[in-house]
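Each remark here refers to the structure printed beneath this line.
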Amino acid sequence: MLWDNQLPRIIEELYASRDSSPEDCLQAFEELKTGLNEGTIRAAEPHPAAPTGWRVNAWVKKGILLGFRIGHTVEMSLRTCAHLADEAAGTLDAGFQFRDKRTYPLQCLPAERNIRVVPGGSSIRDGCYIGRSVVCMPPMYVNVGAYVGDETLIDSHALVGSCAQIGKRCHLSAAAQIGGVLEPVGALPVIVEDEVLVGGNCGVYEGAIVGKGAVLGAGVILTGSTPVFDLVRDVVHCREAKMPLRIPAGAVVVPGARAITSGRGRELGLSLQAPVIVKYRDEKTDVAARLEELLR
């Protein structure tokens with residue numbers, strides 16, 4: 001193994017060199033994927049000394065991009081029993097076709113983690129970590145570099161983007177979109193900390209951090225430039241300088257609107273979407289969370 005402090009340096013060198021052949025890169029890349037699959041290597045990880053509490057591992061992102069560089073596109077279509085019978089009879093039609101980089105096949109999930117992937121069109125790409133007892137409802141998708149903590153539920157039509165970090169015992173509700181941030185390599189990806197409830201049709205993008213135990217009501221959209229109005233603490237949470245938007249731990253966020261107060265927007269009576277923190281988690285909210293656990 002190259003991982004004993006050698007792999008980051010090797011990945012950095014291979015990424016910087018355009019002369020490296022795919023064969024030169026493949027061993028290091030496969031070891032990177034093994035670490036990502038096992039959760040021992042992460043694109044971003046908790047770090048108490050970092051201002052955000054999280055540290056980006058840019059070399060990991062470079063390794064992921066290296067995999068795209070060296071991989072060529074290959075056939076990845078599924079062969080069902082019916083397809084095999086048709087193939088034997090010489091009557092096979094095109095069916096469902098899938099083609100992708102050979103370096104990024106579907107991941108083989110270890111049985112000992114007790115991961116449930118309910119049949120129905122879900123995909124988990126090689127090079128991401130899926131924790132113990134994670135439940136995946138169809139169809140959902142987890143991209144390369146992502147990390148999904150133990151006992152999290154990923155509901156139907158939910159996306160976990162490249163390098164996104166999801167904590168333990170989270171619930172990503174139906175159609176929730178958790179963006180990733182693979183590039184730029186030094187940028188913090190989206191972080192969803194432990195025990196967060198992300199409501200249906202929510203979107204979290206551009207490196208936003210959702211603090212432990214927060215609740216995002218259905219339809220909340222968070223981006224790097226989204227101001228979030230905290231009615232409880234009478235502050236506005238927003239991205240400042242190099243600090244990302246951070247939703248405080250335990251905050252309950254719902255969709256809101258903010259009136260445009262000048263110009264043509266005011267004349268037309270228009271408003272802009274504005275997420276609002278209406279409360280912080282209490283016993284009643286926690287009862288709802290426990291009900292979510294019972295549904296798994």
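Observations, loosely collected:
- Some residue of the stretch 183-198 being without any contact (Cβ under 8 Å) to a residue 12 or more places away in the chain and assigned to a loop (DSSP other than H, G, I, E, B): yes
- Within the stretch 239-255, considering residues that are buried (at least 17 other Cβ atoms within 10 Å of the Cβ) and of a type in the set (D, E, K, R), the one nearest to Arg281 (Cα to Cα): Arg246
- Residue count, the stretch 126-136 (criterion: crowded, with 20+ Cβ neighbours inside 10 Å and aliphatic (A, V, I, L, M)): 2
- Yes/no for Gly224 being under 27 Å from Asp155 (Cα atoms), under 17 Å from the mean Cα position of the chain (by Cα) and modelled with pLDDT under 95: yes
- Subset of the stretch 1-57 that is touching a helix residue (DSSP H, G or I) at 6+ places or on another chain (Cβ under 6 Å) and of a type in the set (Ser, Thr, Tyr) - its residue that is farthest from Gly179 (Cα to Cα): Ser20
- Of the residues in the stretch 229-238, none is at pLDDT below 95, exposed (fewer than 15 other Cβ atoms within 10 Å of the Cβ) and closer than 25 Å to Ala187 by Cα.
The values are calculated or read from the model by the stated rules, or taken from the named source; none is laboratory data. All figures in this text were calculated on a predicted structure; none of them were measured in a lab. Glycine gets a Cβ as well: all are built from the backbone with ideal geometry, and neighbour counts include every protein chain shown.
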